[in-house]
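Heads up, the thing below is written out as structure tokens.
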Amino acid sequence: MTILGIDLGTTNSLACYWDGDKPVLISNALGSVLTPSVVSLGEDGQILVGQIAKERLVTHPQLSAATFKRYMGSRRELHLGTLPFLPEELSSFVIRSLKQDAEAFLGKEVTEAVISVPAYFNDAQRRATKRAGELAGLKVERLINEPTAAATAYGLHGEQSETKFIVFDLGGGTFDVSIVEIFENLLEVRAVAGDNYLGGEDFTELLASLFLQHHQLNGEELNDKELAVVYKQAEQLKQNLSRGKAAEMRCVLGERELTYSLTHDKLEKEAEGLLRRLRYPVVRALQDASLRPENLDAVILVGGATRMPLIHAFVSKLFGHLPACSINPDEAVAIGAGIQAGMKARNLALKEVVLTDVCPYTLGTDIVRENAAGYKESGYFFPIIERNTVIPASRIKRLYTSHNNQKAIEVEVFQGESRLTKNNIELGRLEIPVPPGPAGREAIDIRFTYDINGILEVEVTAVSTGVKRRAVIEETPGSMPQAEIEARLAALAALKIHPRDKQENQLLLARGERLYEEALGDTREIIALWLAAFEQALDRQEERKIKPAAAVLKQRLDSLEQGYF
Ligand code: AMP
């Protein structure tokens, strides 16, 4: 049985499997191991996923969606045209596409996956990820924290048997740091911290706003297509700045062609605020692990955004040594997930690697305290499982009635770090009856059990009567009732993902359409002629003629994009 390891990224997703000996990344229909996490609704009502959908972000922004991982676990609806989708449903299309690629690659059906999630994902976000896999027709029994996956990849490839390091994972939309220790093949995550709303896209956004500011443009006055052009060019500028000390972006907006150039030094200055935000989780993780930067043997960079020299410089300054670059930052998480998938299928080659993990946030309940004036006040957080506890974990705490003749105790379950429960996230509640009596006589034992998938079970026992109440926190904020899941599953099954074998030609057309929209004047006319010639070849349906026509068009579009035209 093959289990897929899936890195479901904000920007790109990858699939990997264990071939009995080593992790192998799976290429998609276009020959790339990176499938952009972008979804678009085609003219024929089929769902397009990956590079083609990414091209259509510019030409058909209303029919396309990207970076939906940021909203995972929420009920926020994103639209492809008039059709509304939840983030997990859009993610399920990406997973379905990876599944199809894997099945074509392996020549057999794949029914199970291990999916990676940011270590900082809360319960609702983890459940939504699991559901995305299930909506794609895969059994998902195991989720793995992204930094843990990256560390697994590093741990297996590293030479040292005893080492402490930090995984610094800056993806498209999320930032995670984990402090990991490897000791004699035991890999232990000592601390995690992060920011769910910080990633490479924020740097793109910064560049887009600098461009708009420079030209005294207001983003709100631009239409969706124009904004998409600005973002695409800002993204290109960011990537070009990773290769040189200065770069320029160029946008055609209406009849005007606007340019903006930026040096590396200026970017460093402008990005000060974002860099400050990167520092905070690093400091917190170090404190939680009781370590100082100099105690770490290495810094592992993961996530596409760590390709920015700005980030290398920042990391070197912060830790006093250069990051280790032995793992491809785009592939490490998928490789780790593939290794985990192999472990899950009980592959003997990996039996001595033991993995421990930590709970990324504190879980607790609400209690009543007496204030300075002697009044009882509720709303105080009482931690039961502290953040960075190694999981699976089970902890019991005893609490007493706070009022005379109390007939029941309500146990509210929260996650977060604030002293006041109103600032934390409520995950659920349950009530247990107790015999009435004076305050403080009756007690309850609250047991929290947190498993390796980040799922919490709460069991409360009334001490004097032995009555028990149990809850698996199911209805977390943003989650979907079972009946609704089934209805959505049926609706989604009816939507077809565009067939793999036609993707290359579709991609060429989508790319040509985008370049047409980005160009002006004569260039536009020429692109239109190229596309018409290719469409004619496609219409004739003669395989013999389509291939060379595609090669010619590809070469033309390549030279156009590289500026040789
Ligand atoms: P990930 O979610 O790990 O795929 O990371 C995607 C992020 O990495 C996006 O914000 C990309 O813009 C960014 N990225 C990818 N390649 C580069 C590069 N060469 N220079 C700067 N940022 C990059």
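Rule-based calculations on the coordinates, nothing more; no lab input. Being a predicted model, the structure only gives us computed values, none of them experimental. Heads up, the Cβs are rebuilt from the backbone with ideal geometry, glycines too, and the neighbour counts pull from every protein chain shown.
Angle between the Cα long axis of helix 146-157 and the longest principal axis of the chain, 0 to 90 degrees, nearest 10? Orientation of helix 146-157: about 80 degrees from the principal axis. The C-alpha atoms of the chain define a longest principal axis, and helix 503-518 lies at about 80 degrees to it. Each Lys or Arg adds one and each Asp or Glu subtracts one; over the other residues with Cβ under 9 Å from the Cβ of ASP169, this totals -2.
Semi-axes of the range 143-277's equivalent ellipsoid from the Cα gyration tensor, sqrt of 5 times each eigenvalue, largest first, rounded to whole Å?
They are 39, 15, 13 Å, listed largest first.
Pair-distance distribution P(r) for the range 200-272, from all Cα-Cα distances in 10 Å bins starting at 0: 20, 59, 20, 1 percent.
Net charge around ILE396, counting only other residues with Cβ within less than 10 Å of its Cβ (Lys, Arg = +1; Asp, Glu = -1)? Summing Lys/Arg as +1 and Asp/Glu as -1 gives +2.
If you take the alpha carbon atoms of the range 359-493 and fit the smallest convex hull around them, that volume is 127 Å³ per residue. Between ARG395 and ALA104, the contour length at 0.36 nm per residue exceeds the Cα-Cα span by 100.2 nm. Hull volume per residue, based on the alpha-carbon atoms of the range 1-52 and their convex hull, is 93 Å³. Distance check, please: which entries in LYS225/LYS554; LYS54/LYS554; LYS54/LYS502; LYS238/LYS554; LYS139/LYS554; LYS502/LYS554 exceed 27 angstrom between their Cα atoms? Over 27 Å apart, Cα to Cα: LYS139/LYS554. Straight-distance candidates among the lysines for linking to LYS397, with alpha-carbon spacing under 19 Å and chain neighbours fewer than 8 residues away dropped: LYS468. Sites listed here are GluC sites (Glu not before Pro) in the range 1-98 whose DSSP assignment is loop and whose Cβ has at most 14 other Cβ atoms within 10 Å: GLU43, GLU77. Over all other residues within a Cβ to Cβ distance under 13 Å of ASP224, the charged ones net out to -1, with Lys and Arg as +1 and Asp and Glu as -1. Residues SER418, SER13, SER64 in ascending order of nearby Cβ atoms (within 10 Å, fewest first): SER418, SER64, SER13. Mean residue ellipticity at 222 nm, helices only, the chain: -11500 deg cm²/dmol; runs of at least 4 DSSP H residues each add -39,500 (n - 2.57), and the sum is divided by the number of residues. Pair-distance distribution of the range 496-565: all C-alpha pairs, bin width 10 Å, starting at 0; shares per bin in whole percent are 19, 52, 24, 4. Of the trypsin sites (Lys or Arg not before Pro) found in the range 147-251, those in coil by DSSP whose Cβ has at most 10 other Cβ atoms within 10 Å are ARG243, LYS245. With neighbour counts taken as other beta-carbon atoms within 10 Å, the residues ILE300, ILE546, ILE385 rank, fewest first, as ILE546, ILE385, ILE300. How tilted is helix 521-540 with respect to the longest principal axis of the chain? Cα atoms for both, answer in degrees (0 to 90, nearest 10). Value to nearest ten degrees: 80. Can you compute log10 of I(q)/I(0) for the chain with the Debye formula, treating each Cα as one identical point scatterer, at q = 0.07, 0.08, 0.11 Å⁻¹? Debye curve over Cα of the chain, log10 I(q)/I(0) at q = 0.07, 0.08, 0.11 Å⁻¹: -0.47, -0.60, -1.08. Cβ-to-Cβ counts within 10 Å put ILE367, ILE144 in ascending order as ILE367, ILE144, the fewest first.
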